[in-house]
Amino acid sequence: MNTSPIDLSHTALVLIDLQRGIVPLPLAPRSGADVVQNGVRLAERFREEQAPVVLVHVGFSADGRDALQLEVDSPMQRGSMPPDWSELVPEIGPRPGDLVIGKRQWGAFYGTELDLQLRRRGVKKIVLGGIATNFGVESTARVAHELGYAQVFVEDAMSSISAEAHAFAIRDILPRLGVVRSTEEVLAACVRAEK
C-alpha cells in the first residue's frame, strides 16, 4: 500500500492505554505484549527524531466517583483494581520529553489537555495505536477527526476484546477517519522535513 511521507516535524505518536491493568487482558487479534512491542518501535523512532510521543492512560479515583456512571445496557465491568492498574507498562515509558495524558473515559481528548498540547507543539497529524481498537483508539480518532487532525492508524499496534471488534473498526470505521497502515509502513514513511 502506498504510504505518503509522514513529516515528523508536525506529527505526534499517540498511544492509548498501554498500562498494567489493560495490556495483560485477553485480547485479539494480537496480545497486549505484541501491541506494546510495536508501540515501543514507533516510540523509539519518534523520540530519535524529537517528535512528540503522547502516552495516554485511563484511571479513576479510589472511590470511582470520577468515572462515568450512566445507565447503559452493557456496563463496563470494573471490579477491584490493583493500585498500579493505571500505570504505563515500563517498556513504553514514559521517557524524558514524553507527554503523559490521564483520562477518565474512552477517548483521550474530552476533559484532558491533549488538544492544547498537540497544537502548542505544531502537530497537524497523529499516528495512533493502543488498546482497545474499538474503544479508546476509535473514540480518540473520532474526536481527532472532528478537530481536524490528519491520522494514521497503526493496525498491528492495536488490539481489542475480540478479533471481530478489531476488524470492524479497522475495516469500516478508521479508514473513514484517516489511513490504516502497519508498523513497518509507518516506520518506512517517517521523514523530518526541513523547517
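Comparing 47, 171, 104 in a Gaussian network model of the chain (Cα springs below 10 Å), the most mobile by mean-square fluctuation is 171. The string of couplings for region 5-12 from the Karplus curve (6.51, -1.76, 1.60, θ = phi - 60°) is x, 9, 6, 6, 6, 9, 10, 10 Hz, one whole number per residue in order, with x for Gly and Pro. Taking 146, 49, 113 in turn, the Gaussian network model of the chain (Cα-Cα springs below 10 Å) assigns the largest fluctuation to 146.
Taking every DSSP helix (H) stretch of at least 4 residues in the chain, weighting each as -39,500 (n - 2.57) and dividing the sum by the residue count yields a mean residue ellipticity at 222 nm of -6500 deg cm²/dmol.
Between region 10-42 and region 171-192, how many Å separate their Cα centres? One Cα centre to the other: 16 Å.
Just so you know, all these numbers are worked out from the coordinates, no wet-lab data involved. Quantities reported herein were computed from a predicted structural model and do not represent experimental measurements.
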